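Just so it is clear, none of the values below were taken in a lab; they were calculated from the coordinates. Keep in mind it's a predicted model, so treat the numbers as computed, not measured. Glycine also receives a Cβ, built like all others from the backbone with ideal geometry; neighbour counts cover every protein chain displayed.
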Amino acid sequence: MADRQRSFWFHVLDVVFNIVVIVAIVAGIRTFLVSPFQVEGSSMIDTLEDKEYIIINKLAYIVGAPERGDVVVFRPPNDPAKFYVKRIIGLPGDTVILRDGYVYLKEGDESVVHKLDESAYLLEQNEGHTFRHPPSSGDKAPIEYDVPADSYFLLGDNRVGSLDSRSFTVDGELTPFVARGEIKGRVWFVALPVTKIHALTLPQYGF
C-alpha cells in the first residue's frame, strides 16, 4: 500500500512539474521570442487587414535595432494601454518631411533630401496622399519632424485612414515619436486566415 501511495504522489508531482515547465517555456517564448497579435482596423491596408492574426518577432529588437520599413507592434504615446501596428519611416536622427502628399527624408547631418519610394506597399489611392493631420485632410503643406535619439516616426500604410505619428497628441501637444522601449516587436508573418499566410519582407528604399 505504501509503495502504491508513493507511486501515485510521484506521478502527481511529475505531472505538476511538467505543467510548470511547459507554462514557463510558453511564457518565456511569448515574453522574449515571439507572440501572437490580432490586427484591429484598416490602418495598414493592404499590407495587413482587419482581424488578421500576426506573429511578432520580439527577439529581433533584443539582438538588433528597428529598421526603416519594419512593420511593428508598439504602444503609442497618446494611448499606452493599447497596442498599434504601423510601419517605421523615420529612424533616430532622421528628418522626416511631408510635402505635396509624399514622404521625404534626410538622414542624420546629410544635406541630401531623398524622396521615399513607397510603391512596394502603398495602394494607388494612398500614393501621393500622405497628408498632414488629420490624415484625410488633403493638406499637402510641408511639415518636418526631427526624430530624436532612441525614438521613431511611424506611419500606417493606409495613409488617408491611419492615426499614426502625424496624429499622436498628449495633453493637446503633438507627440509624434515612439520611444524604442515602446516598440514590442517586428511583424514576422500573417498566421490567420490560412488563405493569407505569408511573411513580411523589408522594403528596399535605394539609399
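Brief remarks follow.
- One Cα centroid belongs to region 98-155, the other to region 43-59; the line between them spans 21 Å.
- Straightening the chain between ASP139 and GLU49 buys 29.8 nm, computed as 0.36 nm per residue apart minus the Cα-Cα spacing.
- Counting neighbouring beta carbons within 10 Å and listing from fewest to most, the residues HIS129, HIS198, HIS114 come out as HIS198, HIS114, HIS129.
- Note on region 37-178: lysine pairs with Cα distance below 25 Å, sequence gap of 8 or more or different chains, count 10.
- Ordered by the count of other Cβ atoms within 10 Å of each Cβ, fewest first, SER151, SER162, SER42 give SER42, SER151, SER162.
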